[in-house]
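The values are calculated or read from the model by the stated rules, or taken from the named source; none is laboratory data. Here the structure is a predicted model, which is why all the values come from computation and not from measurement. Every residue, glycine among them, receives a Cβ derived from its backbone with ideal geometry; neighbour counts consider all protein chains shown. Note: areas computed on protein heavy atoms with side chains; ligands, DNA, RNA excluded. Shrake-Rupley method; radii C 1.70, N 1.55, O 1.52, S 1.80 Å.
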Amino acid sequence: MSRARLILLNAALGPLDYRVPHGMAVEPGSIVVAPLGPRQLVGVVWEPERLPAEEVGDNRLRPLVHAYDLPPLGAPLRRLIEWTADYYLSPLGAVLRMALPSSGALDGARSITEYRATGHVPERLTPQRAQALERIGERLGLIRELAIVGGVSDGVIRGLVKTGAIEAVEIALDDPFPLPDPDHDPPALEPAQAQTAAELRAAVEAGDFAPYLLDGVTGSGKTEVYFEAIAQAIRSGRQALVLLPEIALTEPFLKRFAARFGTEPVPWHSGLRQAQRRRAWRAIASGEARVVVGARSALFLPYPRLGLIVVDEAHEASFKQEEGVQYHARDVAVMRAKLEQVPVVLASATPAIESRHMAEIGIYKELRLPDRYGGARMPDMAALDMLQDPPPRGRWLAPRLVQALEENLEAGEQSLLFLNRRGYAPLTLCRHCGYRFQCPNCTAWMVEHRFTHRLACHHCGHVMPAPRACPECKEEDSLVACGPGVERIADEVHALLPEARTIIVTSDTIWSPAKAAEFVARMENGEIDIVIGTQLVTKGYHFPNLTLVGVVDADLGLAGGDLRAAERSFQQIRQVSGRAGRGERHGRVLVQTHDPGARVIQALVGGDAEGFYAAETDARREAAMPPFGRLAAIIISSEDQAEANATARMIGRAAPRVDNMAVFGPAPAPLAMLRGRHRFRLLVHAARAVPVQDVIREWLGALSWRNSVRVSVDVDPYSFL
Ligand code: ADP
Ligand code: ZN
């Protein structure tokens, strides 16, 4: 009799054995449906010798229900799933889910029914119907998706279908994606670019594991260079995967790719509609999707013929997933490349200290592009000392920055003000009694958003209308905004330069690829003079007429004081500076700071990246911090503070004694409350040689706690909240 051991798409279940019925053929990697109690679950057949499970007698096995007619997940992907689960202390089922994100994609239906507005206005136009139709516009989607876009119930959309205002359309799921043409419109590379491109092309052709750090200043042509490696992958009949740190960057990337290769690549991110997702997944799994660009979740998809992985803006912290399986996509990308035996390119103008270290010790090969393309110079940078030359009271832009904005406006050139704070003001308080608006669910202030007249928590999404009176002392009109957010800076710009056409660019305003495309088009058409934006504008964009960047508060990122605070500030300001002067016109950058002597500011203004990296690296080495030592955080949370505290202490007391390893805490986490849960943290610090995961697995495996307590382990943490 034939049996199969499965990993099911359920994080709570271990491996389970099933009987393979007569006439069904499965092998490791086969995607199947199995019964579980009264339910049926999707699972993947695994090599039994790799997954210890309880032995169950043949006579007690239940038969598999179905095997999909799909290529099995390849052995390299299966090894990657095992590695990820092991390294990040996560259930196999949770990691597997990232490879099979849509069970609808599996079932082989050739089409899916979507809906769209017809333009016909129903006779009875209720406010809800009107709102739904207006918000849906020309969009396509499932009933559920349109209901979400329209902000109404499914019933309202179904009603609109009945009236003929919305109609059904069949979307074919197996329409092929056009093949990118590697020779469509290649650029003439400069010598340094050509040499780098040749090396990458050769690596793709060789088809071996080869990790590269592509370190080039902003505007040096890193993208053009790795495009050549992608072209080679296409010529060799392989697939290429490009990971980007933000969905917002996908849209400009698609356009740019299409200009080079004649057609867009296949996008993969959380913003796809169900139909797009299914079509993309099937094309990826069949090997037909040749170039895929996506967010970190694209990393676990079943590419049967992977030939190259590129991680663009590889230093970005958003490659670290903070929920569910807490993996770092940059690190997992290198592991996948190793298992698939293909090259991987980490591209960045400001590589992470970890990546630079790997290059220094010879594990990654470093490729450098030290100059901007076409002779464009790096922008001039200057620090503005906010103590010497402060703005007037209640304003945030120093006189010299305002003057520079005026000059740019007169010259018809574009400017960018960078402040990494959404909303109008980070804190609202009552001037009468001192009451501060705090989120009821989190240890965080409520942030005023003046456009929407609301206060919002940026951690849990809790919102409340901005009140007129203080909830504590009932005094009217006593509430004052403290500190600036981008909306407040925009107000200041309007007051000072009323004729300037501005745009605010944050995740509140650019919440979809379409919005990002609209922003890019308006910039390119010269419809905007001054952009006021958060970290969303620091990377990727290329606006030749943008010649001035003002950093509103360079000290902001340093406040938290976590391990990477200085590094991150340096990267962020370098990145945003890289937006200035990318065309023929020269760029300049003005950095507002209260501490012009700080090492980060000095390094930025002096252009001494090497000195900064060397000093930061030494500091990390001395403290045995990553990459010279290892960290893991254990977060214990519960709605009940005493319970969370007691469990954290119990876990702390059980900490094993291991050489070269120390356990700190428990202490309340910096975000002591998040989404209504009280949080305590233990921090494990160990030498590189300590097998931290094994230690933690054994330690926590011997303990138990109540179901109301959640214990999560963050290996190589990035957020210290
Ligand atoms: P990076 O990714 O390093 O910031 P890009 O690849 O975006 O740099 O290049 C910056 C700009 O210069 C882009 O508009 C790009 O098209 C252009 N560019 C770079 N190299 C070339 C080249 N060899 N020929 C034509 N344009 C180039
Ligand atoms: Zn909150």
With criteria (1) without any contact (Cβ under 8 Å) to a residue 60 or more places away in the chain; (2) open to solvent by less than 60 Å² (accessible area, probe 1.4 Å); (3) assigned to a loop (DSSP other than H, G, I, E, B); (4) not basic (Lys, Arg), Ile157 comes up short on (3)
Taking the condition out of contact with any Asp or Glu (no Cβ under 8 Å at 6 or more places or on another chain), open to solvent by 60 Å² or more (accessible area, probe 1.4 Å) and under 27 Å from Leu254 (Cβ atoms), does Glu475 pass? no
For Phe227, only one of the following conditions fails: (1) in contact (Cβ under 8 Å) with a residue 60 or more places away in the chain; (2) within 29 Å of Arg278 (Cα to Cα). What is its number? (1)
Do any strands (runs of 3 or more DSSP E) entirely within the stretch 364-420 hold 1 or more residues that are of a type in the set (S, T, N, Q), and if so, which? 414-418
Out of Ile247, Ile284, I need the residue that is of a type outside the set (Lys, Arg), in contact (Cβ under 8 Å) with a residue 12 or more places away in the chain and buried (at least 23 other Cβ atoms within 10 Å of the Cβ). Which one? Ile284
Unmet criterion (only one of (1) more than 16 Å from ligand 1 (Cβ to nearest atom); (2) open to solvent by less than 30 Å² (accessible area, probe 1.4 Å); (3) in contact (Cβ under 8 Å) with a residue 60 or more places away in the chain; (4) in contact with a helix residue (DSSP H, G or I) (Cβ under 8 Å, 6 or more places away or on another chain)) for Leu89: (2)
Search the stretch 376-404 for residues being within 16 Å of ligand 1 (Cβ to nearest atom) and open to solvent by 60 Å² or more (accessible area, probe 1.4 Å), and hand back the single one that is nearest to Leu416 (Cα to Cα). Met378
Look through the stretch 456-484, keep the residues that are in a loop (DSSP other than H, G, I, E, B) and among the small types (Gly, Ala, Ser), and return whichever of them is nearest to ligand 2 (Cβ to nearest atom). Gly461
Number of the exception - Thr428 against (1) among the β-branched types (Val, Ile, Thr); (2) part of a strand (DSSP E or B); (3) within 16 Å of ligand 1 (Cβ to nearest atom): (3)
Can you find a residue in the stretch 595-605 that is without any contact (Cβ under 8 Å) to a residue 40 or more places away in the chain and open to solvent by less than 20 Å² (accessible area, probe 1.4 Å)? yes
With the condition kept exactly as written, say whether any residue in the stretch 85-98 is over 30 Å from Val45 (Cα atoms) and out of contact with any Gly (no Cβ under 8 Å at 6 or more places or on another chain). no
When the stretch 546-574 is checked residue by residue, the ones that are part of a loop (DSSP other than H, G, I, E, B) and buried (at least 19 other Cβ atoms within 10 Å of the Cβ) are Val552, Asp553, Ala554, Arg564
Tally of residues being crowded, with 16+ Cβ neighbours inside 10 Å and at pLDDT below 95 across the stretch 250-266: 6
On the given criteria, is Ser577 among the small types (Gly, Ala, Ser), buried (at least 16 other Cβ atoms within 10 Å of the Cβ) and within 22 Å of the chain's Cα centre (by Cα)? yes
Hey, Tyr212 in contact with a Pro (Cβ under 9 Å, 6 or more places away or on another chain) and either within 16 Å of ligand 2 (Cβ to nearest atom) or among the aromatic types (Phe, Trp, Tyr) (or both) or not: yes
Every residue from the stretch 91-131 that is modelled with pLDDT under 90, of a type in the set (A, V, I, L, M, F, W, C) and assigned to a loop (DSSP other than H, G, I, E, B): Leu106, Ala109, Val121, Leu125
If a residue must be in a strand (DSSP E or B) and either over 16 Å from Ala94 (Cβ atoms) or in contact (Cβ under 8 Å) with a residue 60 or more places away in the chain (or both), how many such residues does the stretch 1-51 contain? 18
Looking for something open to solvent by 20 Å² or more (accessible area, probe 1.4 Å), small (Gly, Ala, Ser) and assigned to a helix (DSSP H, G or I) - is there at least one such residue anywhere in the stretch 502-516? yes
Subset of the stretch 341-363 [open to solvent by 10 Å² or more (accessible area, probe 1.4 Å) and either of a type in the set (S, T, N, Q) or more than 16 Å from ligand 1 (Cβ to nearest atom) (or both)]: Gln341, Glu354, Arg356, His357, Met358, Ala359, Glu360, Ile361, Gly362, Ile363
Between a first residue in the stretch 666-695 that is at positive phi and touching a residue at least 40 places away in the same chain (Cβ under 8 Å) and a second residue that is of a type outside the set (D, E, K, R) and surrounded by 16 or more Cβ atoms within 10 Å (Cβ to Cβ), which pairs have beta carbons less than 7 Å apart while being 6 or more apart in sequence or on different chains? Arg675/Asn441; Arg675/Cys442; Arg675/Cys460; Gly676/Asn441
On the basis of being in contact (Cβ under 8 Å) with a residue 40 or more places away in the chain and among the basic types (Lys, Arg), does Arg279 make the cut? yes
